[in-house]
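Undergrad: I'd like to ask you about the structure that follows.
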Amino acid sequence: MQALRQFYLSRYYKKSMYGLLGLGFVGAMLLISTKIRRQQQKQKSLDHLQSNELSTQGTIFNSLDKCSLSNLNQVRTLKTSIKLEIDFKQQIIQGRVILTMKAINDIVKVQLDAKMLNVLQVKVNNEDTTFNYRQQLVQELGDQLEITTQKQANEEFQIEIIYQTQQNVHNGQVALNWLQPSQTFGNKHPFLFTQSEAIYARSLFPCQDSPSIKSTFDIELTVPEPLKAYGSGILVKETKDGNNNTFYFNQPVAIPAYLFAICAGDLEKKQISDRTYVIAEPALVNKCSQEFQDMESYLQAIENYLTPYKWSQYTVVVLPKAFPFGGMENPNLTFLSPSLIVGDKSETSVVIHEMIHSWSGNSMTCQNWECFWLNEGITTFIENKIVGRIFGQNQQTLHGLLGDNSLKNSINNYGPTHTYTSLSPKIDQQNPDDCFSAIPYQKGCQYLRFLESLIGENLFQQFIRLVVSQYTLNSDQFKALLEKFLNENNISGIDIQWQSWIIDPGMPKNQLNIDQQFKDRYETLANNLYESQLQLEDFQNLHSNEKCYILDLLGNKQITEKLMKDLEEEYQLFDSNNPEILHRVLIYGINCGYKVALGDKLSQFLSMNGRMKFINPVYRALAQKQPELGLRIFNMYKNSYHSIAVAQIQKMFQK
């Protein structure tokens, strides 16, 4: 290009018969080339700033959150009013959002997070304004909507944005998950659900997509009849206009964007108690109601440990199998996996976990995703307490041991020195989903158990109540709150081991303290199962958590085909309807090449489950032991998985 430039600018070319025409053409080409280079240089400069000139917590756009491209320090959202028309045929949403905002400083622009949106019009205080939609500003974080508006400090104003979502033709990681009728339990109607955590609310509407920013919500959802739609708030009214149904919701408690959620489909709602409800497809709603009929007692137990429930109603929605998690704590609209419906209520601790998020996560929220343990570690700690109060000490101990096993597995997957094994992981331009694992849950929980052992159970309960009364917290603020609490309660001379627990990677140095007799009992059961000396009836009478823990203990032994045959024929584990059990058995079978574990049982399991807790470890084992088989099965079923799951599983087969 440089030689071409020199020739066209030379006096020989200028004097030629083509000079006048050629210079115009080449000038345009050079101008385009220059613009492209400048844009590339601009992006490189941006990337450089992102990686080398970050504050400890933020980006070049803010000092609070590395995963947000919004100018969070300069302006804040107070209220979000959002109207969505759901188009199942085109698989897009027509949207209008009004953000009531307040300038913190004098500003000349508002920068919002966005992803895969077509922005059609922007108004500020009902007047059109200029805007710039910057695509793929940072690859893993998506787009940015920059709006021109000049406001003074403390001035409140409204931004109205008319937009539509884009069709997700390349299966990018977005909040919307569109399902065909064949992917539902009823097989008659399409279905839609969203997953906004961690950074996908920006693909639903332009917003300040950071847990540090909270707003109240008014939600209006329109769907074709006979479908129903639900949003993360309290239902205010519903109307019918022609062939469309419209539902109106209000969320009076300020929440971060990642807790905004909607679902739409052929749904039925059943009341369980004065304030608890279950929503599911008609084919499943009765089973769900029975499985979760004790929700009121769970809620009361949590209130007794913490404080009164402030969200008025507690509603769960059991989604189709494509939902990638066990649960998601959307306020007034907790999403649950159908994998929890096993018939014996043995998986209801997931519901307890999501309920507790109403305090830790939804009321007190981690400031950014580098301190995610404040959401999940605190919730898991309280969950362990409530499991003990409701189901007894043995179940509480098993709950902790199973969590410890999942912690070890996660650390092993990353490697013990990886930053993602720290409770303060470094997230630089990465999708925080990449660092989500059992670690913030279980390592965070174990740190709180360690602190409780230093402070005492009753006093530590007071501290937990203080923590969940906060608005947002980062790790340093948690530490300051703890130190202030210790000082006010005249507690001195204790080492909270902040560096080794919160900063350092790897397994915690202080292991769970479990009664040896308790351990010995399950070691004996595992030995008997390994040697086929455990009676089938005795095994079947065990709680599913006990079965899972015994199966985990088998991992310390040599897994042989004889063992797998016994587990199949004598203990019938390949016929288990509990995916907690079946995915463990399948992994053992894959690792030792047991044919039954590589055949129809495997394919059926991966076709019937979309929950990443189960399918990811199975695909990981396949990627290591049977990569061709694993990739073939994945390609068969990937369209039925959520895009978050697809992205993570694809990486396993790229290594």
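The values are calculated or read from the model by the stated rules, or taken from the named source; none is laboratory data. Given the structure is predicted, the values throughout are model-derived calculations rather than measurements. Positions of Cβ are generated from backbone atoms using ideal geometry, with glycine treated the same way; all protein chains shown enter the neighbour counts.
Undergrad: Does at least one position in the range 527-534 carry a residue that is surrounded by fewer than 17 Cβ atoms within 10 Å (Cβ to Cβ) and either touching a residue at least 60 places away in the same chain (Cβ under 8 Å) or more than 30 Å from Q572 (Cβ to Cβ) (or both)?
TA: No, there is no match, as no residue in the range 527-534 is surrounded by fewer than 17 Cβ atoms within 10 Å (Cβ to Cβ) and either touching a residue at least 60 places away in the same chain (Cβ under 8 Å) or more than 30 Å from Q572 (Cβ to Cβ) (or both).
Undergrad: Further question: Test T239 against the criterion of being within 19 Å of G265 (Cα to Cα), surrounded by fewer than 23 Cβ atoms within 10 Å (Cβ to Cβ) and in contact (Cβ under 8 Å) with a residue 60 or more places away in the chain, and give yes or no.
TA: No, not satisfied.
Undergrad: Out of curiosity, is L567 buried (at least 17 other Cβ atoms within 10 Å of the Cβ), within 28 Å of the chain's Cα centre (by Cα) and in contact (Cβ under 8 Å) with a residue 12 or more places away in the chain?
TA: The answer is no for L567.
Undergrad: Of all residues being of a type in the set (D, E) and part of a strand (DSSP E or B) in the range 222-241, which is nearest to S203 (Cα to Cα)? Just the residue, please.
TA: Ranking the qualifying residues of the range 222-241, first place goes to E238.
Undergrad: Here is a follow-up. Tell me whether the range 403-417 contains one or more residues that are buried (at least 22 other Cβ atoms within 10 Å of the Cβ) and within 30 Å of L284 (Cα to Cα).
TA: So far as the range 403-417 goes, no, none of its residues is buried (at least 22 other Cβ atoms within 10 Å of the Cβ) and within 30 Å of L284 (Cα to Cα).
Undergrad: Within the range 463-495, take every residue that is of a type in the set (S, T, N, Q) and exposed (fewer than 13 other Cβ atoms within 10 Å of the Cβ) and give me the one that is nearest to L401 (Cα to Cα).
TA: Ranking the candidates gives S469 first.
Undergrad: Cβ-Cβ below 6 Å, separation at least six or inter-chain, first residue in the range 72-84 and closer than 15 Å to T100 by Cβ, second among the aromatic types (F, W, Y) and crowded, with 19+ Cβ neighbours inside 10 Å: which pairs?
TA: From residues that are closer than 15 Å to T100 by Cβ, the pairs are T80/F217; I82/F205.
Undergrad: Answer with yes or no whether Y619 is modelled with pLDDT of 95 or more, more than 22 Å from E546 (Cβ to Cβ) and buried (at least 20 other Cβ atoms within 10 Å of the Cβ).
TA: yes
Undergrad: Another question, then. Do you know which of the residues in the range 197-235 that are within 13 Å of A257 (Cβ to Cβ) and among the charged types (D, E, K, R) is nearest to the chain's Cα centre (by Cα)?
TA: Here the answer is E197.
Undergrad: Pick from I559, I550: which is in contact with a helix residue (DSSP H, G or I) (Cβ under 6 Å, 6 or more places away or on another chain), farther than 19 Å from D404 by Cα and β-branched (V, I, T)?
TA: I559
Undergrad: Here's something else I'd like to know. Could you run through the range 70-81 and say how many residues are crowded, with 23+ Cβ neighbours inside 10 Å and farther than 22 Å from S424 by Cβ?
TA: Final tally of qualifying residues: 4.
Undergrad: Which ranges mark the strands (runs of 3 or more DSSP E) fully within the range 131-219 that have 2 or more residues being of a type in the set (A, V, I, L, M)?
TA: Result: 131-138, 142-151, 156-165, 176-179.
Undergrad: Of these, I581, I514, which one is touching a helix residue (DSSP H, G or I) at 6+ places or on another chain (Cβ under 7 Å), at pLDDT 95 or above and β-branched (V, I, T)?
TA: Going through I581, I514 in turn, just one is touching a helix residue (DSSP H, G or I) at 6+ places or on another chain (Cβ under 7 Å), at pLDDT 95 or above and β-branched (V, I, T): I581.
Undergrad: While we're looking at this one, here's another question. Output yes when any residue across the range 588-597 is out of contact with any strand residue (DSSP E or B) (no Cβ under 8 Å at 6 or more places or on another chain), surrounded by 16 or more Cβ atoms within 10 Å (Cβ to Cβ), over 24 Å from L554 (Cβ atoms) and not assigned by TED's automatic domain parsing to the domain that holds A175, and no when none is.
TA: Looking for residues that are out of contact with any strand residue (DSSP E or B) (no Cβ under 8 Å at 6 or more places or on another chain), surrounded by 16 or more Cβ atoms within 10 Å (Cβ to Cβ), over 24 Å from L554 (Cβ atoms) and not assigned by TED's automatic domain parsing to the domain that holds A175, one finds none in the range 588-597, hence no.
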